[in-house]
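Take a look at the structure set out below.
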Amino acid sequence: MADETTQTISATNMDLLRFATAGSVDDGKSTLIGRLLLDSKSIFADQLEAVETTSRGKGYDYTDLALLTDGLRSEREQGITIDVAYRYFATPSRKFIIADTPGHVQYTRNMVTGASTADLGLVLVDARQGLTEQSRRHAVILSLLRVPHLVLAVNKMDLVDFSEDVYNKIRDEFTQFATKLNIPDLEVIPISALAGDNVVNRSESMDWYSGPTLMHHLEHVHVASDRDLVDVRFPVQYVVRPKSDEHHDYRGYGGMVAGGILKPGDEVVVLPSGMTSTIEGIDLFDQEIAEAFPPMSVTVRLADDVDVSRGDMIARVKNAPQPSQDIDAMVCWMATKPLQPRQKLAIKHTSNNARALIKDIQYRLDVNTLHRDQDTKELGLNEIGRVQLRTTKPLLCDSYSQNRTTGSFILIDEATGVTVGAGMINSGQ
């Protein structure tokens, strides 16, 4: 029974793909998402009818699929994406969550938010325009966020007569640029979102292209091994004590597995106390399971009655993160008031909260040219830079390249409670 449960849970978790889309104005990003939703039969008939009616009312001789995704009125009026919009659809082989992120430089913070949890980044370029500064900037941000898979969709191929030469030029130029970045997996696909060529169905007009369609690639890209399955990291979010007659003595620790594989019988250490115990059992809803792995949310029961509370972390005895108060990180600043040295902020790391002092801003990164401006004294809105922080208590962190969950944090303005920064840890010292 345990094996069947594990297989079911494995399928439920591993068959989910989160991907973020990014593109410049009029690259056809919203149309592409609309096409994916339409051709995968993920929209209702009345939704499609409403879009068709609106399209006719505007005098279009085609169905404007972008109307399916541009939800905010200001987005529709300006023809741009401002906020991150999440869309959900599924095919027989996989479930999908799309983070539709803005392409404008003034909404970089929104793109960072949407792409931070993505398994795959989808960058659109207009075949007529080729690579732009924004295209490169999107690729740099996805690389900084360690998004493991990247697709460059060369859109509007119908407007360049489905030219193989145009596609090859853009592909070669982007591939050359990608060598400067940390992009382990890159796929370049020629498409026409408006007509549907190579989106879900293979294009008859581009018989020279032998690679996968966009949907085929999204369905089959392998993401299960992208997560850290070696280093056990289980940040405790909640102590579960029902205090009911049925579960009078029940005591478990709820949270999401951030790394490694947990099994009953494993010897673990609770940090920061350093107390050791073994895993007595792992519960998911009302059933006990044989193992837990990222990104499952479970309740862990320990054999010993040790002191565990929210903010603690359960890890392997011989493979635990080293507590650190000095953090070196890349920070994306999200507030209008600039980030400056000596500034004090609240910091949230996994389920742990502390206060932080900005010790130094080493440089500001130009995400268009990768130039490091070491003369900068502050970070402005939507800027990214390398920052040194000192926290009021040790954080149990890893480098972002090792674990995107335990290697990231957010900065919060204590006066307003507003999130003002997102950080990716380079190393703990």
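Looking across segment 319-332, the residues that are assigned to a strand (DSSP E or B) and under 23 Å from the mean Cα position of the chain (by Cα) come down to I327, D328, A329, M330, V331, C332. All conditions in (1) surrounded by 15 or more Cβ atoms within 10 Å (Cβ to Cβ); (2) on the phi < 0 side of the Ramachandran plot hold for G311, with the sole exception of (2).
Among the residues of segment 110-141, what is the count of those that are touching a residue at least 60 places away in the same chain (Cβ under 8 Å) and closer than 24 Å to V160 by Cα?
Qualifying residue count for the region: 13.
Could we say that A153 is among the hydrophobic types (A, V, I, L, M, F, W, C), within 20 Å of D207 (Cα to Cα) and either open to solvent by 10 Å² or more (accessible area, probe 1.4 Å) or not in a helix (DSSP H, G or I) (or both) here? When the stated conditions are applied, A153 passes them. Taking the numbered list (1) open to solvent by 40 Å² or more (accessible area, probe 1.4 Å); (2) closer than 16 Å to A292 by Cβ; (3) free of Cβ contacts under 8 Å to residues at least 60 places away in the same chain in turn, Q237 passes all entries but (3). Scanning segment 395-420 for residues that are open to solvent by less than 40 Å² (accessible area, probe 1.4 Å) and in a strand (DSSP E or B) returns L395, L396, S408, F409, L411, I412, V420. Picking from residues in segment 207-232 that are more than 18 Å from the chain's Cα centre (by Cα) and among the β-branched types (V, I, T), the one that is modelled with the lowest pLDDT is V230.
Out of R342, R251, report the one residue that is of a type in the set (D, E, K, R) and modelled with pLDDT of 95 or more. Give the derivation first.
Details: R251 fails: modelled with pLDDT of 95 or more.
Going through R342, R251 in turn, the sole match is R342.
Figure legend. Inter-residue proximity from segment 310-330: first residues farther than 15 Å from H349 by Cα, second residues in a strand (DSSP E or B) and among the acidic types (D, E), beta-carbon distance below 8 Å, spacing 6+ or different chains. Indicated pairs: R316/E267; V317/E267. Across segment 374-429, the number of residues qualifying as under 19 Å from the mean Cα position of the chain (by Cα), among the hydroxyl-bearing types (S, T, Y) and farther than 18 Å from A115 by Cβ comes to 2.
Of the residues T31, T21, which single one is β-branched (V, I, T), in a strand (DSSP E or B) and modelled with pLDDT of 75 or more?
The match here is T21.
Residue count for segment 333-389 satisfying the condition of being assigned to a strand (DSSP E or B) and either open to solvent by 50 Å² or more (accessible area, probe 1.4 Å) or of a type in the set (G, A, S) (or both): 14.
If you go through segment 290-307 and keep only what is closer than 17 Å to L271 by Cβ, touching a Lys or Arg at 6+ places or on another chain (Cβ under 9 Å) and in contact (Cβ under 8 Å) with a residue 60 or more places away in the chain, you end up with nothing. Filtered by the rule that a residue be surrounded by 14 or more Cβ atoms within 10 Å (Cβ to Cβ) and basic (K, R), segment 160-201 gives K169, R171. Return yes or no: is D228 within 30 Å of V367 (Cβ to Cβ), touching a residue at least 12 places away in the same chain (Cβ under 8 Å) and surrounded by 18 or more Cβ atoms within 10 Å (Cβ to Cβ)? Considered against the rule, which asks whether it is within 30 Å of V367 (Cβ to Cβ), touching a residue at least 12 places away in the same chain (Cβ under 8 Å) and surrounded by 18 or more Cβ atoms within 10 Å (Cβ to Cβ), D228 comes out as yes.
The values are calculated or read from the model by the stated rules, or taken from the named source; none is laboratory data. All values reported here derive from a predicted model rather than from experimental measurement. Heads up, the Cβs are rebuilt from the backbone with ideal geometry, glycines too, and the neighbour counts pull from every protein chain shown. Remember, those area values only see protein heavy atoms, side chains included, never the ligands or the DNA or RNA. Shrake-Rupley method; radii C 1.70, N 1.55, O 1.52, S 1.80 Å.
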